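To start, the structure under review is shown below, and the notes come after it.
The values are calculated or read from the model by the stated rules, or taken from the named source; none is laboratory data. A quick note: this is a predicted structure, and the numbers were derived from the prediction, not measured. Every residue, glycine as well, gets a Cβ built from its backbone with ideal geometry; the counts of neighbours run over all protein chains shown. Just so you know, the surface numbers come from the protein's heavy atoms only, side chains and all, with ligands and any DNA or RNA stripped out. Shrake-Rupley method; radii C 1.70, N 1.55, O 1.52, S 1.80 Å.
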Amino acid sequence: TAEYKKEHQLLPNDLALIDVEELTNEISKDYPEYFWTPRITFAGLLDVPDENGETLSQSPVIGLGVDFFSEESKQLDIWDLKDKIIEGNFLNHNDQVLLSEKLSKRLELFPGDVVTFIGATMYGGFTTYNLKVTGTFDLNLGPVDKDMMIIDFQGAQEILDMKEENAASEILGY
């Protein structure tokens, strides 16, 4: 939207698109030569608990919710993420997360560890959500992926309270 574009650097999911499946279907009719897909970009804090559940360390994080699991998705091919996994495995569930290798090393996290995302919902409310680390990746983009985590689109919708509205930050055309 025009308002989202004005403030895109703030990742304003309170200005997210709603009913993205309907919007994507409409856009696909007008521009069938493109593959259209929703994405959620968000930010927050990643909390690493100790054995007692108390905060051991924290880091700011930029999250991407990418549609990897739907039947029509081509994101695995576009991202080529399976070939960029350094340790562990790719996602296979909505409550799992891939962390950049730089972030993982800084927080001393490994596949199998559980982290808590702390952030804001689409409605401006407070959210916390536990995610299991399945692997680490290196996109080879320098500082761009320094503080990055990647989860499936539907997982991001759930964490950010965007599922009921079927909302997304943006719809991309490839």
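Could you grab the pairs with beta carbons closer than 8 Å, sequence gap of 6+ or different chains, first residue in region 92-112 and closer than 15 Å to Ile151 by Cα, second one open to solvent by 10 Å² or more (accessible area, probe 1.4 Å) and among the polar types (S, T, N, Q)?
Going by the 8 Å Cβ cut-off, the qualifying pairs are Asn92/Thr134; Asn94/Gln154; Asp95/Asn130; Gln96/Thr134; Val97/Thr134; Leu98/Thr134; Pro111/Asn89; Pro111/Thr134.
What pairs come out if I take residues in region 54-68 that are farther than 16 Å from Val144 by Cβ and open to solvent by less than 70 Å² (accessible area, probe 1.4 Å) and pair them with residues that are modelled with pLDDT under 95 and polar (S, T, N, Q) whose C-beta lies under 7 Å away, six or more apart or interchain?
Short answer, once both residue conditions are applied: Asp67/Thr37; Asp67/Ser73; Asp67/Gln75; Phe68/Gln75.
What is the one condition in (1) more than 10 Å from Leu46 (Cβ to Cβ); (2) of a type in the set (Gly, Ala, Ser); (3) assigned to a strand (DSSP E or B) that Gly119 does not satisfy?
Here Gly119 clears every test but (1).
If I filter region 129-150 down to residues being assigned to a helix (DSSP H, G or I) and free of Cβ contacts under 8 Å to residues at least 24 places away in the same chain, which single residue comes out as surrounded by the most Cβ atoms within 10 Å (Cβ to Cβ)?
So in region 129-150, the residues assigned to a helix (DSSP H, G or I) come out as 142-145.
Among the residues that remain, those that are also free of Cβ contacts under 8 Å to residues at least 24 places away in the same chain are: 142-144.
Details: Gly142: 8, Pro143: 7, Val144: 11.
Per the stated criteria, the residue is Val144.
Working carefully through the options Ile40, Ile27, find the one that is β-branched (Val, Ile, Thr) and touching a Leu at 6+ places or on another chain (Cβ under 8 Å).
Values: Ile27 fails: touching a Leu at 6+ places or on another chain (Cβ under 8 Å).
Just a single option satisfies the conditions, and that option is Ile40.
Under 6 Å by Cβ, and 6 or more places apart or on different chains, what pairs join a residue from region 1-30 that is on the phi > 0 side of the Ramachandran plot with one that is among the hydroxyl-bearing types (Ser, Thr, Tyr)?
Leu11/Thr41
Does Ile86 satisfy the criteria of being in contact with a helix residue (DSSP H, G or I) (Cβ under 9 Å, 6 or more places away or on another chain), of a type in the set (Val, Ile, Thr) and open to solvent by 20 Å² or more (accessible area, probe 1.4 Å)? Give the steps one after another, and end with the answer.
Values: in contact with a helix residue (DSSP H, G or I) (Cβ under 9 Å, 6 or more places away or on another chain): yes; of a type in the set (Val, Ile, Thr): yes; open to solvent by 20 Å² or more (accessible area, probe 1.4 Å): yes.
Yes.
All but one of (1) touching a residue at least 60 places away in the same chain (Cβ under 8 Å); (2) surrounded by fewer than 16 Cβ atoms within 10 Å (Cβ to Cβ) hold for Phe126; state the number of the condition that does not hold.
Unmet for Phe126, out of (1) touching a residue at least 60 places away in the same chain (Cβ under 8 Å); (2) surrounded by fewer than 16 Cβ atoms within 10 Å (Cβ to Cβ): (1).
Scan region 70-78 and give yes if some residue there is among the basic types (Lys, Arg), open to solvent by 30 Å² or more (accessible area, probe 1.4 Å) and not in a loop (DSSP other than H, G, I, E, B), otherwise no.
no
For region 1-47, name all the residues that are open to solvent by 100 Å² or more (accessible area, probe 1.4 Å) and closer than 20 Å to Phe69 by Cβ.
Within region 1-47, Glu21, Glu22 meet the criteria.
Filter region 1-42 for residues that are more than 16 Å from Ala168 (Cα to Cα), in a helix (DSSP H, G or I) and modelled with pLDDT of 90 or more and give the result.
Within region 1-42, Ser28, Lys29, Asp30 qualify.
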